[in-house]
Every structure is written in C-alpha cells, then in structure tokens.
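Okay, structure first, notes after.
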Ligand SMILES: Cc1ncc(C[n+]2csc(CCOP(=O)(O)OP(=O)(O)O)c2C)c(N)n1
Ligand SMILES: [Mg+2]
C-alpha cells in the first residue's frame, strides 16, 4: 500500500500525497471532522495482513518498541489510532494500554513518572502544535529528568486541498504552524522529526524510541501528519526493538582512573543521578565501600543515589570538601560546581558518566582531568573489583578516612536530631521540618504498614521549592527509586507522581509539594486521572501561603530596597487561595487541612490509611515558613 510521497522533510506544505488507492476522493474544503473513505475502514482484507492505516502502523510500532502505555491528551488526528486500538481490542490483538487524559501536562508527566521507574520508552500522543505547546513544559521536564518517550502530534500536509481524505478545516484555519511542530520542539527534545510518509512511519517511531532510550535518555518528538495516519497500510509484523547494547570502558582506562582514585588521601564521590542507571545505586555502594570514599549527594540530586543511612553518606554539601579533597569523583554529576568556575583548590577530577556532556545543557563546566565514559554501573563495578584485588594501596588510607567520615556523620546526625527537636518545640505553629519528620515516622510505623505482603517501600516525588532540602534531609531514604525531584517548570508534580504510581502500584507514592506549585498543576485533570486509573496518591502540601522563593530572591538582589522597607513584595502573595484540601471533595477523595502541630500526626495517619485503602488523600499543612 505504500505510495510515493515526494514531500521533503521540513517545513513546506509540498505537493499532496498521491492518490490513495481504493479511496474515493472527498470534498477537499469540508470543515467537519476528517472523513475516511470506505476502503480505509478497519479489517478490510488485502492480500497480506489486514488493510489498516497509518494509525495502526503507529500502534504496531509503539508495541514493538516495548511501550506498555500510550498516554494521550486527545486531538482530531488520533482517530486512526483509536480505530486501530478498537480493532485490536475487538480482535484480541496485542496493543499498548491506552490512557485518555484531560491535560497535556498530565499525559507527559505520567509518561515521565512511568519511564523514571521502568526506564522504558512510552508513547505520548498530543494534539497538533497547540497540544504540544501545552505539553512542552512537561516534555522539557522529561528531557531534564532523562525520561525516555516518543511524543507525537500532527500537522496537515494537504490542508484539505488534496485528493485524499479531508483532514478538516481546523488544520487550515487554526492549527498549522510554520515550520511544523517538529521545528519548535527541536530545542527541548533529544531528536525531532517528521514522519512524512506511510512508508517511513514505522521506522520513524522505532528510530525515535531507540534514540529516546540511549544515554542520556529523554523524549523525542515525531510529527506524523494526519494524512499519513489516514493512508492505507497493510499490516505486517514489526520487528521488536532490541535492548540497547552496553558501552564499557577499556581496562587500561579503568586502570588509569583506579590508580588516581586509590592513590588519593582524601577523595570524595559526588553524584546527582547515578540512581537513574539500572543497578547504579548498588554499584555506587559497592564502589564507595570498596575504597571507603564518602559520597556527597548534593541538593541538585534528582533521584535516590546512595542510602542516606549508609555510613559513607556525607550529606548534601560539597563545599566543605572542595578545597580539602585531593580527588573528586563525579559520578553522573552534570553540574557539580557553582558558580561553574568555582575550582577545587587541588583536587584531580575523575568523571564517570556515559555521556558527561549533556547536549541539552547550555553551559556546563566539569573541570575534568580524566573521563570514564563506559556504562556507569559496569564502570563502578570494575573499579570496586579492582580495589578488592588490590588491598595494599588502600590499607594505609582506609582507617583515617573511616574515622573522619564517622565524625562527620555523627555531627550531622546530631544536627538533624536537634533541628527536629527544635521544630517540635513550638506548640502553636508547624515548622516544615516537623512535617517531614512526622511523615517519615508515619510511613515507617509498623502499625501503618499494609496488612499483608511485603513491607511498604514508599516513593517520594518532590515538587517543593524552599522546602526541598527539608524533604531530602528528613524524608529521603535510599532504597532504589524511592525519591524523585520533579525537573523543569512547576505544575507537573501530581502527574509525575501518578506515572510513578502506575509503574509501582505496590508502593505508596507520596507527593510533597508547595502551595504555589500545587496551584500550577492541572489539579482537576490530575485528580481525575488518579481516580479513573486507580492511582491513589498521598499529597502533602507545604503551605506557607506564598511563593516564598520569590520573596527570598527579591531580598537577595535588593536587601535594602523599597520592597524591604515598605513590605510591598510583589510576586509573592497567595493569601487568597481557596482551601486546597477541598479539591479532594468532588472526587470523593480524602482531604484535610492542618494548622496545629498536635493535629499533624493524626492527620497523616488518617491520610495514609485512606491511601492504603485506595483513595487519594490531600493533606494541606499550614507551615510557619
Ligand atoms: C512554570 C513555572 N512558572 C514559574 C516558575 C517560577 N517559580 C519558581 S518557584 C515559584 C514559587 C513556588 O511557590 P511554592 O510552591 O509555594 O514554594 P515556596 O516558594 O513557597 O517554597 C515560582 C513561581 C516556575 N519554576 N515554573
Ligand atoms: Mg509556598
């Protein structure tokens, strides 16, 4: 059924696709929804497989790429996909599961959360240029988070002026964008292109999925014109996409790096995202243990990388090490120094990262002396193995290092306990530290564990701003995939948490979020998705009634300015917000607002009980700062 399509890649409308065999021409200026010729109907048998169309090719290609889900925020171009899915469901044929979602941020954010946990590329269908624009902030977030997905939407190639099916006048009048949506998607995805012909659509989807899951993983975008989706296609088996191969560092490179690291007196490891790699957290533990090197997980960490309770965890601040360390090992650490030119006084810098230079980062300074660019998990294991066979070089340093780290940890633990005691001392207002500490305790309390099965291993998805350090310090644990900081712009947190829950239904998923961030979320479509797809979340709002970060930023630039003198801080006030817990009501969810410390723990217990019984709970905590 393939027919020549002379259109070039790129922007211009070009000639219309050639005649579609067996398809009666339809009026080209009709403005209604797309009309399909009868021969394009599903299930019409050709000589080979079923005669379907481009929609089915997309579904088949996503299936072959291993997508478990298609997350969609609908548009008129997707009728061919819906038709394919309806046919596959009717005929008992395989297909990715399809979720209709009510907002682009929800579709993309859920794909992000799901891909973060599974590390597999998913399909996301949005509507034309406008739907892609609406979802673009979340797509950018997926790029920063390293979440693989194939995002697709359409453009028209005929605008109704072709002999083929009529796309509908909205494409001509409202939807078209000069250069095509792939033109404006390009800077915030890994790869953007147009699948301009039915002949290439399957391989374009495959190629997109394969690119998406290569390091650094991220979203790709494909413009699949509506006319391509409506073009007849003879179903044929699509080869399943193979798993990516692995990259490894040469033994000589490992040896050179090992010599530098093992020869150091005062080394430190820094990581932001080793936990994103399959087996990365365990491999880092193995490596750090083997060489007794402390691990700093800076505040820019995006996921769980190293157990917080491990004796070698050295907190979230690299600064104390910067001028004393003689070797700094950066493991998946895209932006270790700030300002970027802040040079460690004397350390040699070993970078372990499969792709150290993230193409999406505009400015990046690693100050490397040595690179190990093989797969990170394998590299860390090889270094640990090398250390175990060595022993001699290490023994003279191990003891003093261990002692220094033990002293650091004990001081840090003391400070943590004191900050929680201080937070608990005020009987009238709720300090944010108290929220994180109580939440941690309730989540760990055996009385609130699931009735049967394995003990819970909660996942924290964090979209707080000024409270994010409190969350990581007092709440983050360190089992694999148990913490994610929402990347990019505000407003995706609920969706990302839903995607995480979709991939980890047996774990409690907690969203910690500021009041401002909550208000940026598409709350109604997000809660609808939670309900419709049975994805109960525990949502904890750190509500300080303002955009505190904006005020802090203002004061940083103008400490004695007019705003500081008069108290007129613009861009800060959220005092006329409604009671955010009440958004739960129309969905039959659990919601409560807490403003006194003694009410906190019982409220968290009730909320967790609701979540364990399958209902999303929103706890709106009025915090003192
Ligand atoms: C989409 C988007 N718009 C605007 C911002 C800028 N911004 C960063 S933090 C912030 C305020 C967040 O308020 P809240 O969640 O209440 O946290 P708080 O500052 O009070 O800790 C804003 C508006 C952003 N990050 N993303
Ligand atoms: Mg706030």
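Give me the Kirkwood hydrodynamic radius of segment 163-250 in Å, from all C-alpha pairs, to one decimal place?
One decimal place: 15.2 Å for the Kirkwood radius.
Computed FRET efficiency, Cβ-Cβ of residue 362 and residue 324, R0 30 Å: what is it to the nearest 0.05?
0.45
What per residue convex hull volume, in Å³, do the alpha-carbon atoms of the chain yield?
So the per-residue hull volume is 181 Å³.
Would you list 467, 413 from fewest to most Cβ contacts within 10 Å?
By the 10 Å Cβ count, ascending: 413, 467.
Would you calculate the volume per residue, in Å³, of the smallest convex hull containing every Cα atom of segment 205-245?
Once divided by residue count, the hull of segment 205-245 is 61 Å³.
Please report the equivalent ellipsoid semi-axes of segment 385-519, computed as sqrt(5 x eigenvalue) of the Cα gyration tensor, largest first, in whole Å.
32, 22, 17
Take every Cα-Cα pair in segment 56-124 and report what % of them are more than 20 Å apart.
Cα-Cα pairs of segment 56-124 separated by over 20 Å account for 25 percent.
Based on the alpha-carbon gyration tensor of segment 506-622, what equivalent-ellipsoid semi-axes (square roots of 5 times the eigenvalues) come out, in whole Å, largest first?
Semi-axes (√(5λ), whole Å): 32, 15, 12.
Among DSSP beta bridges lying fully in the chain, give the percent that are antiparallel, nearest 5.
Bridges in the chain are about 10 percent antiparallel.
Working from Cα positions, state the angle (0 to 90°, nearest 10) between the long axis of helix 493-503 and the longest principal axis of the chain.
80 degrees
What's the center-to-center distance, using Cα atoms, between segment 367-430 and segment 310-332 in Å?
Result: 7 Å between the Cα centres.
Report, largest value first, the span of the C-alpha coordinates of segment 105-144 along each principal axis, in whole Å.
Result for segment 105-144: principal-axis Cα extents of 29, 18, 13 Å.
Taking the Cβ-Cβ separation of residue 342 and residue 93 as r and a Förster radius of 41 Å, what is the calculated FRET efficiency to the nearest 0.05?
Efficiency at R0 = 41 Å is approximately 0.10.
To the nearest µm²/s, what D does Stokes-Einstein give for segment 299-378 at 20 °C and 1.002 mPa s, using the Kirkwood radius over alpha carbon pairs as Rh?
Stokes-Einstein gives a translational diffusion coefficient of 157 µm²/s.
Compute the acute angle (0 to 90°) between the alpha-carbon long axis of helix 251-262 and the principal axis of greatest extent of the alpha-carbon atoms of the chain; round to the nearest 10°.
30 degrees
If you average 1/r over all unlike Cα pairs in segment 428-622 and invert the result, what Kirkwood radius do you get in angstrom?
Every distinct Cα pair counted, the radius reaches 17.1 Å.
Given axes a ≥ b ≥ c from the Cα gyration tensor, I'd like to know whether segment 462-535 is rounded (a/c under 1.5), prolate (a/b larger than b/c) or oblate.
The shape class here is oblate.
Calculate how large, on average over all directions, the projected area of the Cα convex hull of segment 251-409 is; give the answer in nm² to one decimal.
If you wrap the Cα atoms of segment 251-409 in a convex hull and average its projections, you get 8.4 nm².
Given points 7 Å out from each Cα along the Cα-Cβ axis, report the residue 445 to residue 403 separation in nanometres with one decimal.
Each label point is offset 7 Å from its Cα along the Cβ direction, giving 4.3 nm.
What order do you get for 104-112, 404-412 when each peptide is scored by the mean count of other beta carbon atoms within 10 Å, highest first?
Averaged packing, sorted descending, gives the order 104-112, 404-412.
By count of other Cβ within 10 Å, fewest leading, how are 569, 557 ordered?
Fewest-to-most ranking of 569, 557: 557, 569.
Kindly provide log₁₀ I(q)/I(0) values, in the same order as q = 0.12, 0.13, 0.19, 0.25 Å⁻¹, from the Debye equation applied to equal alpha-carbon scatterers of segment 197-299.
-0.65, -0.70, -1.07, -1.40
Order these by the 10 Å Cβ neighbour count, fewest first: 137, 149.
The most exposed by this proxy come first: 137, 149.
If you average the alpha carbon positions of segment 249-280 and of segment 89-144, how far apart do those two centres end up, in angstrom?
35 Å
State the Cα centre-to-centre distance between segment 59-85 and segment 153-182 in whole Å.
After rounding, the separation between the Cα centres reads 20 Å.
For the chain, find the longest principal axis of its Cα atoms and tell me its angle to the long axis of helix 376-390, 0 to 90°, nearest 10.
40 degrees
Which percentage, to the nearest 5, of the DSSP beta bridges contained in segment 428-622 is antiparallel?
If I count the DSSP bridges inside segment 428-622, around 5 percent turn out antiparallel.
Here, each number is a calculation from the coordinates, and none is a lab measurement. None of these values were measured; they are calculated from a predicted model. Don't worry about glycine lacking a Cβ; one is built from the backbone with ideal geometry, like all the others, and counts go over all protein chains shown.
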